[in-house]
Amino acid sequence: MISSFPPGLIMMIGALLIPFLPHIIRQIYMMVLILVSAYALTLGFGTHSKIDVMDIEFIIFQSDSLTLPFAIIFHIAAILNVIYGAHEKHWNQHVAIMSYSGAAIAAVHAGDLFTLFIWWEATAFTSVFLILASKTERSYKSAFRYILIQVGSGMFLLAGAILLMSETGSAEFRNFDINSLYGQLIFIAFGIKAAFPLLNGWLQDSYPEASEIGTVALSTFTTKLAIFCFAKSFAGTEILIIIGAIMTFYPIFFAVIENDLRRVLTYSLNNQLGFMIVAIGIGTELAINGAVAHAFAHILYKGLLFMGMGAVLYRVGTCKASELGGLFKFMPITAICTIIGAISISAFPLFSGFVAKSLIMSALGKEGLVFVYFMLLFASAGVLHHSGIKIPFFAFFAHESGIKTKEAPLNMIIAMIIASTLCILIGVFPSYFYEILPYQIQYQPYDFSHVVGQLQLLTFAAFAFICLWHFKIYPPELNSTVLNSDWIYRKMIPGVLLPLLNLINNINKKIEQLIGFMFMYVRKFFANTMIKNKVFDREVGQDTLIVVQLFIIYLIFIFVWKIYL
Amino acid sequence: MKYLIEKFGKINTSVLFLCIIFLVLELIGHRHGETSIEDILFFPAFFGYVSCIVIFKIGVSLRSFLMKDEDYYDK
């Protein structure tokens, strides 16, 4: 029975019972659901379950060496989310998180594009409630934009799947050719969810508007599902190297000037996705391992950073750098965990980011992609700047904000400590971590050159920040909105479209007036020439009517005659 | 040492000393990079420092046209 049940589905179905359970039992119940779902991961690789609907084969449970690491980290993240959100008494977010996690886990086990499409859309419809949970005007509007874009990406996926089915007779989820039309449609679908340049606006727009629990869950699943899909379907597609390099590069500058620290983390998320996309574009075994390792490690340290900022938001009510500062003495454990997340994302040796990112950098070096290599090296310094320093510094140190608060709730602290421990364990024992990656490779991240080179890069980048801050060159953080690609559909299109619609409306009114005037003129003309004592005056009209009536009577008579006589 | 701590603070001075230690380490052992350019002496240190300054400079210059009022989208 369990062997035919795809992992994640049990979480989605089980989520329906959550509203009816008391708080403590609900938390235990959710943990059990996740563990039952995780049991299916022990069944080994292969196709475990498929169903036929209307002559279409839905492969609902398939696993391989690429699926496993994503399934493992998604389950770990789901457990961390349950612990982190345990203080929330209301059931709505718990249902959303459980079904959202379940949909993402089920999606990575999909063996065909139609099954993937169902879970793809399910992640969108379940996760939108996490944005709505903030219950602010901004979050409602943001959720609306989010769902439109997510469903839009699903439509591209469905179109690609149908085209693939019609051309090849199968919609198997496999490696696709970017030069085919179906390949391009599927590529766009994945690209929207992976927050490609100019398609990334939804990410920075929606995630920071979600609740403190919701953002942690959101940062885990949607974008990493897209990374999994790219790794499965477009490994070795060269254009991904260019797209990924741009993704690592440009969000850095936005993150530097952004004031909302959760939004800074979304730019950082975008930048980290770029590393993974570059690795998938390279497509070698080392690079794919790098992409998967990076996704795995990233879920933990980015989740940890979002947890830290979520705890600050929960206690203080804001995440704006301009309003925060000096919280270390009130929230020391949160601060230390956030610093561990910051050190991990910056890729300091002995932390998870280092052992994951080294694989990608080595893959780039081996392929001789020097320019991209230096773009990513530059981006690494940027990561240190905006995530490694800016996040913990402006929240917990910088200036004295005058805010007095208390440490995060116990459940949040437990979740952060577990995530921090995992970040360190992965960094200290990389060989165990590498064993779950898709390809078995011999790689040693801790050699003299790697370690010293990375430490020099990071400490000197940190020293540059210190110089800028100490000599008061670094400008103060300001309450502001930083324009991003969502400006296109939030301001530019309405800005162009509304005047255009007004113009069309005005033209329409003028034409209406003109037609009305012409009609009046024609009516007047005919009245003057034909009716007044002329051709169609009353008497002539009456005579005509009599003639017509007689003619009709005559026709009826003929008709009856022909039928009956 | 005491002067440095008074002038720059404990953390900043510690970072400065770490920087010096990692430079010295390169002189003791043989470091080589993924690319030949990286083999230049103290290249990662130089690259890290310059990158951070460049990122800061570009970021600040972008403020003038990317940064709008907080209620920009609500208007």
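The values are calculated or read from the model by the stated rules, or taken from the named source; none is laboratory data. These numbers were taken from a predicted model, which means no experiment stands behind them. Ideal geometry is used to build each Cβ from the backbone, glycine not excepted, and the neighbour counts take in all protein chains shown.
Would you please name the residue that is nearest to the other protein chains (Cβ to nearest Cβ), looking only at residues in the range A:424-460 that are among the hydrophobic types (A, V, I, L, M, F, W, C) and under 30 Å from the mean Cα position of the chain (by Cα)? Only one residue tops the list, namely A:LEU458. Of all the listed residues (A:ILE252, A:ILE246), the sole one being more than 30 Å from A:GLU88 (Cβ to Cβ) and surrounded by fewer than 19 Cβ atoms within 10 Å (Cβ to Cβ) is A:ILE246.
Would you call A:PRO409 farther than 25 Å from A:ILE280 by Cβ, in contact (Cβ under 8 Å) with a residue 24 or more places away in the chain and within 14 Å of chain B (Cβ to nearest Cβ)? No; evaluated as a whole, the condition is false for this residue. Checked against the criterion of being at pLDDT 95 or above and either farther than 30 Å from A:MET416 by Cβ or charged (D, E, K, R) (or both), the candidates A:GLY236, A:GLY244, A:GLY154, A:GLY169 yield just one match: A:GLY154.
Go through the range A:308-328 and count every residue that is closer than 13 Å to A:PHE393 by Cα and in a loop (DSSP other than H, G, I, E, B). The total comes to 9. Restricted to the range B:20-54, and to residues there that are of a type in the set (S, T, N, Q) and within 30 Å of A:PHE254 (Cα to Cα), the residue that is modelled with the lowest pLDDT is B:THR35.
Restricting the range A:353-373 to residues that are under 21 Å from A:ILE246 (Cβ atoms) and facing chain B (nearest Cβ under 9 Å) leaves a set whose member that is farthest from the chain's Cα centre (by Cα) is A:GLY368. Tallying residues that are among the polar types (S, T, N, Q) and closer than 19 Å to A:PHE156 by Cβ within the range A:207-243 yields 4.
Just one of the numbered conditions (1) buried (at least 24 other Cβ atoms within 10 Å of the Cβ); (2) over 26 Å from the mean Cα position of the chain (by Cα); (3) of a type in the set (A, V, I, L, M, F, W, C); (4) not in a helix (DSSP H, G or I) is not true of A:LEU350; which one? All conditions are met except number (1).
Of all the listed residues (A:ILE239, A:ILE188), the sole one being in the same structural domain as A:MET309 (by TED's automatic domain parsing), among the hydrophobic types (A, V, I, L, M, F, W, C), surrounded by fewer than 24 Cβ atoms within 10 Å (Cβ to Cβ) and over 28 Å from A:ALA15 (Cβ atoms) is A:ILE239. Looking across B:PHE65, B:PHE17, one residue alone is more than 7 Å from every other protein chain (Cβ to nearest Cβ), among the hydrophobic types (A, V, I, L, M, F, W, C), surrounded by fewer than 14 Cβ atoms within 10 Å (Cβ to Cβ) and closer than 21 Å to A:PRO251 by Cβ. It is B:PHE65.
Taking the conditions (1) more than 23 Å from A:PRO409 (Cα to Cα); (2) out of contact with any Pro (no Cβ under 7 Å at 6 or more places or on another chain); (3) at pLDDT below 95 in turn, A:PHE74 satisfies each one other than (3). Within the range A:213-234, is there a residue that is part of a loop (DSSP other than H, G, I, E, B) and either surrounded by fewer than 22 Cβ atoms within 10 Å (Cβ to Cβ) or touching a strand residue (DSSP E or B) at 6+ places or on another chain (Cβ under 8 Å) (or both)? No, there is no match, as no residue in the range A:213-234 is part of a loop (DSSP other than H, G, I, E, B) and either surrounded by fewer than 22 Cβ atoms within 10 Å (Cβ to Cβ) or touching a strand residue (DSSP E or B) at 6+ places or on another chain (Cβ under 8 Å) (or both).
Just one residue in the set A:LEU377, A:LEU359 is in contact with an Asp or Glu (Cβ under 9 Å, 6 or more places away or on another chain), among the aliphatic types (A, V, I, L, M) and either assigned to a helix (DSSP H, G or I) or on the phi > 0 side of the Ramachandran plot (or both); that residue is A:LEU377.
The test for being away from chain B (no Cβ under 13 Å) and of a type in the set (A, V, I, L, M) holds for A:LEU498.
The set of residues in the range A:461-473 being at negative phi and more than 7 Å from chain B (Cβ to nearest Cβ) consists of A:CYS467, A:TRP469, A:PHE471, A:ILE473. With respect to (1) farther than 23 Å from A:ALA255 by Cβ; (2) more than 8 Å from chain A (Cβ to nearest Cβ), the lone exception for B:LYS57 is condition (1). Residues that are within 31 Å of the chain's Cα centre (by Cα) and among the charged types (D, E, K, R) within the range A:461-508 comprise A:GLU477, A:ASP486, A:ARG490, A:LYS491, listed in sequence order.
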